[in-house]
Amino acid sequence: MEGLKLADSLLYSHGGKPLIPLVTTTTTSRFTSRTTTFLKPANFNLTLGTGCRVYAGCRVRTILHVHSNVKGSREMRFSITNTSASMQPVTTEMVEDKPKDFPVSGDSIRRRFLEFYASRSHKVLPSSSLVPDDPTVLLTIAGMLQFKPIFLGKAPRQVARATTSQKCIRTNDVENVGRTSRHHTFFEMLGNFSFGDYFKREAINWAWELSTKEFMLPPERLWISVFEDDDEAFSIWHDELGVPVERIKRMGEDDNFWTSGVTGPCGPCSEIYYDFEPQRGYSDADLGDDSRFIEFYNLVFMQYNKKDDGSLEPLKQKNIDTGLGLERMARILQKVQNNYETDLIYPIIEKASELAMIPYTKADEHLKTNFKIIGDHMRAIVYLLSDGVVPSNIGRGYVVRRLIRRAVRTGRILGIKGDVKGNLEGAFLPAIAEKVIELSTQIDSDVKSRAPRILDELKREELRFVQTLERGEKLLDQLLTNALLSSKESGSAPCLSGKDAFLLYDTFGFPIEITMEVAEERGVSIDMNSFDIEMENQRRQSQAAHSAIKLTVGNSSELTESISDTEFLGYDTLSARAIVKGLIVEGNPVMQVSEGSDVEILLNRTPFYAESGGQIGDHGFLYVSEGESKWRAVVEIKDVQKSFGNIFVHKGKIREGAMEVGTEVEAAVDAKLRQRAKVHHTATHLLQAALKSVIGQETSQAGSLVAFERLRFDFNFHRPLQDHEIMEVEELINRWIGDATDLETKVMPLTDAKSAGAIAMFGEKYGEEVRVVEVPGVSMELCGGTHVGNTSEIRGFKIISEQGIASGVRRIEAVAGEAYIDYMNVRDNHMKHLCSTLKVKSEDVTSRVESLLEELRMMRNEVSAVRAKAAVYKASTLASKAFSVGTSTSIRILVENMDDTDADSLKSAAEYLVNTLENPVAVILGSSPGEGKVSLVAAFSPGVVDLGIQAGKFIGSIAKLCGGGGGGRPNFAQAGGKKPENLCNALEKARTDLVAILSEKAS
């Protein structure tokens, strides 16, 4: 170990904690000149020698690093990471080259942040899913999203203070990923929250203490921004904490007034920036200068709710919502040039670099940008897939599909092809995803358990895209070339039509953003207006309308704010007395509702189950008594929904009398319908367990519907179920039903439930206490729905359909209980009718139907043959109408209308004519075989094709006149249309065009 020297210990204080000596390693003149400094605890013990052991909570992360321009020289470097929160990095100038190990890990930054606020009475809560329980946003975009109902005052707070590390996704500025030092699609937001507890003074003081004492950032490098009118925040920063006026910037609404979306909680904010170049001084300092500053902590003083009309209303209580970007703090403390080169992302980049066989450190800036895109996108992709988002062409599915395809294309630019294991047809993204999964433990512990499903889905999606990528790339290249040539000829700016961009999107799977990026590289714009029109046309044609429950009830927000949560009694009883706390008609609160009116009723307590967890709301009646066995009012309830947290909204119609606020009612659930729902809900649990048993544990729920007449279960799986698998699932479930097992329901802490192996239902949000429904030995799930007491109540189970509904998502529809009996009775009646009609026994129905189908097929073949012969005979009578054109070469042309001849017979006639007439010959035939139908065929002999005329291209242009299209081979092509009234004109144009073209060619 010659040449390694230990510097004398230097003393630093840390927030009143014991003094911490430093360890400095220095190389001798034989090595590249460099000094690396690390902190050690006061009880630090270091042994340098064989093995280089380090004790007292520290570990050596890298022992030897080779780095020199001198042949044979080496640099010895040590990196020590303390396992306790007291270890702090020394703040020094940022170095030019990125070290291979990090003086402080991203995981430790996350931990120390949470511990800091936990020691200040904040409850540490887990990250919520990237799929939010909020219809106003597509994905979880901020740490506060899971607390939005609390900030709005629509849900009671469970704690006064909380702290989280929240997974977030934002793709609004995806084009900046990799190009700047800080933009990401996936990132972690460290946050501390106050729900009507502390406010500005505490939030600002703790943020400063965390930054300058816990993370030991030099105070002189920190700048502050405040909202332009927020004098209170300005005073706290300057007068109480001593931040110089020169380093506090007042900024406008665009920069320092935070909103969670178009509507929702909002308020002024204050941000902390780190200055990488303090030597530039205060003059003309611009906090938006990314080359000098990075904003790492945002403190939102949430005081208002932004309404639909844009107006602000004060919140009932003042709240604090903060966000500290983990990747940004890691960049600062790890002293690297950008967020991507921190230990949170750089290992992923290194994996991509390894697959591309291009060292990241030797890559130019363009290649580094591509590596950064992959490093960023792969994190977003893995966590989205883990949280149940499946690639598709709409909504969240489109977000993950777009990121996957962008990563695939970027990898191909870097030269990564195949699975890098010799299979050029394989997928490479799973290999990189494995690195993301390896790094996920401290971010989301569920990712590793979901790894098989994540990797399978990623592989399928990549291979699906690769199948069309090359063809799409060639087409895009040709379209851009054409656009550039056209612009030269016309003198206008090059532009790709929206129709062409949509073709790439719809047929070749190119996200429009990728097309835009490639077009921009070539200097071509895109007509986005016409692209949007094409997209809208597709939506109208292919998408069914979707309805969503609005979280606000018209002008009734004041009403619901004064009403406490509804007490649910439906687990134990189907009838109960309750008080009407509110009435809503057409979104407006009223005091009384008369007979015949549709109404929404809020009760203080109810036996009615409100739709959630896939189970639909109960049906039933509300009665207002007027003496024994008499009713003053009757309300029929047809649906129950939850709104504003846990307020049950009973939707129905006044059948008799009138209803008033304050009235006592008898609430009675329809027992038969509730039983049907209970049966289907328990059957859904059994179905999930059976699917995991038959097709694999990696399958997971992607949605469900528990209705009275059937159940629907969506699950992640890459192929259709085979018949024997469906039978096995049914047999397994019916066996469990026959076992007559009592269900067990209990309430327990969420952590205990997960530890016991309980499965969470898709789309549900859980508190600290959860309800666990267990079929012992079969299924255990977190579920708030209603269930049977014993599996024997289900009586029977039958799958009625299994189909794909999206890429990688299958759907099973099934019936159980009374619905099962109804279904089997209907099927039995159909079978009896078939047996009577066919005059066979039920066991002979299949063979009899097959026999009839074979007879029908033979008869159709005979009819087709007769029609073909008739068409050929008719064509033979038309042969004499052929005429010749050309001078040097005589070419025969025949263009005729064959009335109502069907398409197959028309083909036979054309083939006969082109073989009968002397070569060279061109035959065009048309017909109208039915209402709204046109058939066209073009047959060219070799002599015509040799002249450069292709039947496929020719007939396609003619078919457009008849409202259709088509194509085929150079010598033979067919087409169709929808406008028979245009057939004569189309054939006349075909005759004219053929004469013109062939006359010129043959002259």
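The values are calculated or read from the model by the stated rules, or taken from the named source; none is laboratory data. Just so it is clear, the structure is predicted and the values come from calculations on it, not from any experiment. In this analysis, Cβ positions are derived from the backbone assuming ideal geometry, glycine residues included, and neighbour counts consider all displayed protein chains. Quick note on the areas: whole protein, heavy atoms, side chains included, nothing else; ligands and nucleic acids left out. Shrake-Rupley method; radii C 1.70, N 1.55, O 1.52, S 1.80 Å.
Between A806 and E354, full extension at 0.36 nm per residue minus the direct alpha carbon distance yields a gain of 159.3 nm. Around the amide H of I800, modelled in the peptide plane, lie the amide H atoms of E813, A814, V815, all under 5 Å away and 5 or more residues distant in sequence or on another chain.
In the chain, helical runs assigned H by DSSP with n ≥ 4 each contribute -39500 (n - 2.57); averaged across all residues and rounded to the nearest 500, the mean residue ellipticity at 222 nm is -11000 deg cm²/dmol.
Once both axes come from the Cα atoms, what is the angle between helix 951-960 and the longest principal axis of the chain, in degrees from 0 to 90, rounded to 10? Orientation of helix 951-960: about 80 degrees from the principal axis.
May I ask for the distance between the Cα centers of the range 633-659 and the range 354-419, given as a whole number of Å? Measuring centre to centre over Cα atoms gives 50 Å. Magnitude of the charge dipole for the range 869-1001, about its Cα centre and with charges confined to Cβ atoms of Lys, Arg (+1) and Asp, Glu (-1), is about 180 debye. Placing a pseudo-label 7 Å from each Cα along the Cα-to-Cβ vector at A996 and D723 gives an inter-label distance of 5.8 nm. Applying 1/(1 + (r/R0)^6) with r as the Cβ-Cβ distance of R460 and L485 and R0 = 30 angstrom yields a FRET efficiency of 0.20. Taking one quarter of the surface of the convex hull spanned by the alpha-carbon atoms of the range 391-444 gives a direction-averaged projected area of 4.7 nm².
Listed by chain and number, the lysines whose C-alpha is less than 27 Å from the C-alpha of K630, apart from same-chain residues fewer than 8 away, are K581, K638, K651, K653, K672. Shape class for the chain: oblate, because the ratio a/c of the largest to smallest gyration tensor axis (alpha-carbon atoms, square roots of eigenvalues) is 1.5 or more and b/c is at least a/b.
At a Förster radius of 35 Å, what calculated FRET efficiency corresponds to the Cβ-Cβ distance of I579 and I821, to the nearest 0.05? With a Förster radius of 35 Å, E is 0.35. The phi-based Karplus calculation (6.51 cos²θ - 1.76 cosθ + 1.60; θ = phi - 60°) puts the 3J(HN,Hα) values of the range 155-172 at 9, x, 6, 8, 9, 7, 9, 8, 9, 9, 10, 9, 5, 9, 10, 9, 10, 5 Hz, whole numbers, x for Gly and Pro.
Projected label points at R860 and Y398, each 7 Å from Cα along the beta carbon direction, are separated by 3.9 nanometres. Give the shape of the range 674-826 as rounded, prolate or oblate, defined through the alpha-carbon gyration tensor: a ≥ b ≥ c are the square roots of its eigenvalues, a/c under 1.5 means rounded, and otherwise the shape is prolate if a/b is larger than b/c and oblate if not. It comes out oblate by the Cα gyration axes. Summary of packing: across the peptides 693-702, 368-377, the per-residue average of other C-beta atoms within 10 Å ranks them, highest first, as 368-377, 693-702. For the range 567-669, what does the alpha-carbon gyration tensor say about shape, rounded, prolate or oblate, given a ≥ b ≥ c as the root eigenvalues, a/c under 1.5 as rounded, and a/b over b/c as prolate? In terms of gyration-tensor shape, oblate. Applying 0.36 nm per residue to the separation of N537 and L852 and subtracting their alpha-carbon distance, the gain on full extension is 109.1 nm.
Straightening the chain between T180 and D527 buys 122.2 nm, computed as 0.36 nm per residue apart minus the Cα-Cα spacing.
A Cβ-based charge dipole, computed about the Cα centre of the range 567-669 with Lys and Arg at +1 and Asp and Glu at -1, lands at about 100 debye. Peptides 378-388, 946-956 ranked from most to least packed, by the mean per-residue count of other Cβ atoms within 10 Å: 378-388, 946-956. On the chain, 49 percent of the accessible area sits on carbon and sulfur atoms, based on a 1.4 Å probe. Between helix 723-738 and the chain there is an angle of about 60 degrees, using the helix long axis and the longest principal axis of the Cα atoms. Among Y623, A633, N604, flag the residue with its Cα farthest along the positive direction of the charge dipole of the range 567-669, charges on Cβ as +1 for Lys/Arg and -1 for Asp/Glu. With unit charges placed on the Cβ atoms, the residue in question is N604.
For K678, the aspartates and glutamates whose Cα falls under 12 Å of its own Cα, not counting residues fewer than eight places away in the same chain, are D618, E709, E793, E818.
Given R0 = 51 Å, the distance between the Cβ atoms of M831 and N604 translates into a calculated FRET efficiency of 0.45.
Coupling constants for the range 460-471 follow from the phi torsions by the Karplus curve (6.51 cos²θ - 1.76 cosθ + 1.60, θ = phi - 60°), and in residue order they are 4, 5, 5, 5, 5, 6, 4, 4, 10, 4, 5, 5 Hz; glycine and proline get x. Once both labels are positioned 7 Å from their Cα atoms along Cα-to-Cβ, the gap between K839 and N205 label points is 9.8 nm.
Highest mean packing first, where packing is the average number of other Cβ atoms within 10 Å per residue, the peptides 865-874, 834-843, 220-229 line up as 220-229, 865-874, 834-843. A straight Cα-to-Cα reach below 30 Å connects K960 with the lysines K474, K488, K499, K869, K874, K881, K907, K933, K978, K979, K989, K1001, residues fewer than 8 places away in its own chain not being considered.
Computed with a 1.4 Å probe over protein heavy atoms only, the accessible surface of the range 347-542 comes to 45 Å² per residue. Placing unit charges on each Cβ (+1 for Lys and Arg, -1 for Asp and Glu) gives the range 774-832 a dipole about its Cα centre, and among V778, V826, G789 the Cα reaching farthest toward its positive end belongs to V826. Accessible area per residue for the range 567-669, computed on protein heavy atoms with a 1.4 Å probe, is 44 Å². Summed over the residues of the range 106-336 and divided among them, the accessible surface reaches 37 Å² per residue at a probe radius of 1.4 Å.
Helix 671-695 and the long axis of the chain differ in direction by around 90°, with both axes built from C-alpha atoms.
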